[in-house]
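*Asks:* Here it is, the structure, as C-alpha cells.
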Amino acid sequence: MFLPNPVQDLGDETLTDRKDADYAALAPAYHRVTLTDLDGSGTLTGAYARVKSSTGKAAVSVGGAFPAYHRDADQFEQVMGYHWVTTAQAYLQHLGFGSTLRPVNQRQIEVRIDQFGGDNSFFREDKANITLGKGGVDDAEDAEVIVHEYGHSVQDGQVPGFGTNLESGAIGEAFGDYLAVVVTSWAAGAPTAVPEACVADWDSVSYTSTVPHCLRRLDGTKHYPEDLRGEVHRDGEIWSRALWDIRTALGDTKASTLIVEAQFAFAPDTSFRDAAGDTVAAARRLYGNAAANAVTRAFQARGIL
Ligand SMILES: [Zn+2]
C-alpha cells in the first residue's frame, strides 16, 4: 500500500513510473495497513467500496489477510482503491457525518480499476461509481487521485446529479482536490514532505516536468471572474483556493465539516456566488459569526463574494 503515494511519502520528486516496475527506491514507500469494513467474503467488497477489475486477476485474501502486493501487480491498485475510498468515508465519519451530523455518501461505491488505457480517471455517468485508469503512473497508485474521484461521489450523494454547468462543475473538481489533500494528510500525517497543497504528486510525474510535480494546486492565485477559462479543472482552482484558505483560518476539522455540510444546500447547477453564500451560512450555523466572517474573507479574496 502507498500512503498516500511514493513522492509525498518519501519527499522525492525524482521518482518516475518506469513502466509500472517495482524498483528499489520505492521499497520504503510500501506500508502494511489493516483494511476495514470488509464483508468477510475474501474479496475487496465492503460497506463503502466494491472493487471490480477488468483483468480477471482479483485480489483474494488468504487466512484473513491479503498478500503484500507491489505496484507491478494488478491487485495492488485494487487494494489501494478499496482502502482509500474506505479511508475517505472514515474521514467524513470522524468529522461527525453519520453521528452528530447526517450521513454523507454512506453507500457502497463500485471502484473499477484499469478499465481504460488512457491516463484519465472519471466518475461514471451513473454518478455513483469510480473508474481509475492506466497510462503513465496507474491512477490507483496515487491515493490523491482515488480520493479526488470519491469527492465526486460524495457530492452526488449529497446532491444527486450535482455539477451540470461550468461553475458547479468547477466546484466539483475543486472539492475533489480539496478532499484528496485533507484525507491523505489525515491518514498519512502532516506536515507532508512535499507541498501539502500539491495534488497527485505521484500520478503527475508522468505528465509534468516542473518540480514539485502537481496535477493541480490548492494554493494558487486565480481570481474570479478574470481567470475563468471555461474548463472545470482549471477554473476549479479558484474555488479550491478559497477552501484552502478556510482550512488555514479555521483548521482542518472545522473547515472540512462546514465545507461538506454546506454542500447539502447546493443546487445541482449552483453558481460560485450562491455556493459561497451557502458555505458562509453553514459556517455561521455550526461555528458562529467569527467563523462565518473568515469564510466570507476567503471567498472575497477570490472575487466570488
Ligand atoms: Zn474530477
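The values are calculated or read from the model by the stated rules, or taken from the named source; none is laboratory data. The shown structure was predicted, so the numbers you read here are calculated from the model rather than taken from an experiment. Note: ideal-geometry Cβ built from the backbone for every residue, glycine included; neighbour counts use all protein chains shown.
*Asks:* Take the residues of the range 72-104 that are among the polar types (S, T, N, Q) and outside any helix (DSSP H, G or I): which is surrounded by the fewest Cβ atoms within 10 Å (Cβ to Cβ)? Break it down into steps so the answer makes sense when it comes.
*Replies:* Of all residues in the range 72-104, those among the polar types (S, T, N, Q) come to 75, 78, 86-87, 89, 93, 99-100.
Adding the requirement that they be outside any helix (DSSP H, G or I) leaves 99-100.
On the way: 99: 10, 100: 8.
Residue satisfying both the conditions and the ranking: 100.
*Asks:* Assess whether residue 222 counts as being in contact (Cβ under 8 Å) with a residue 40 or more places away in the chain and more than 16 Å from the ligand (Cβ to nearest atom).
*Replies:* Against the criterion (in contact (Cβ under 8 Å) with a residue 40 or more places away in the chain and more than 16 Å from the ligand (Cβ to nearest atom)), residue 222 qualifies.
*Asks:* If you don't mind, there's one more thing I want to ask. Suppose we filter the range 287-305 for residues that are assigned to a loop (DSSP other than H, G, I, E, B) and of a type in the set (Ser, Thr, Tyr); how many remain?
*Replies:* 0
*Asks:* Of the residues 190, 180, 143, 200, which is under 30 Å from residue 26 (Cβ atoms), of a type in the set (A, V, I, L, M, F, W, C) and surrounded by fewer than 18 Cβ atoms within 10 Å (Cβ to Cβ)?
*Replies:* Only one candidate qualifies: 190.
*Asks:* Take residue 242 and decide whether it is modelled with pLDDT of 95 or more, buried (at least 17 other Cβ atoms within 10 Å of the Cβ) and hydrophobic (A, V, I, L, M, F, W, C).
*Replies:* Yes: the conditions hold for residue 242.
*Asks:* Moving on. Quick check on the range 43-57: of everything there that is assigned to a strand (DSSP E or B) and of a type in the set (Lys, Arg), which residue is surrounded by the fewest Cβ atoms within 10 Å (Cβ to Cβ)? Lay out the reasoning, then the answer.
*Replies:* The first filter runs over the range 43-57 and keeps only residues assigned to a strand (DSSP E or B), leaving 45-46, 49-53.
From what is left, the residues that are of a type in the set (Lys, Arg) are 50, 52.
Working: 50: 19, 52: 17.
Taking the candidates together, the pick is 52.
*Asks:* Report the residue count in the range 256-305 for those that are touching a residue at least 40 places away in the same chain (Cβ under 8 Å) and among the aliphatic types (A, V, I, L, M).
*Replies:* 10
*Asks:* Further question: Among the residues of the range 127-186, which ones are within 15 Å of the ligand (Cβ to nearest atom), within 14 Å of the chain's Cα centre (by Cα) and of a type in the set (Phe, Trp, Tyr)?
*Replies:* 150, 175, 178
*Asks:* For residue 248, only one of the following conditions fails: (1) farther than 26 Å from residue 165 by Cβ; (2) within 16 Å of the ligand (Cβ to nearest atom); (3) polar (S, T, N, Q); (4) out of contact with any His (no Cβ under 6 Å at 6 or more places or on another chain). What is its number?
*Replies:* With respect to (1) farther than 26 Å from residue 165 by Cβ; (2) within 16 Å of the ligand (Cβ to nearest atom); (3) polar (S, T, N, Q); (4) out of contact with any His (no Cβ under 6 Å at 6 or more places or on another chain), residue 248 is out only on (2).
*Asks:* Only one of (1) under 19 Å from residue 159 (Cβ atoms); (2) in a helix (DSSP H, G or I) fails for residue 265. Which number is that?
*Replies:* (2)
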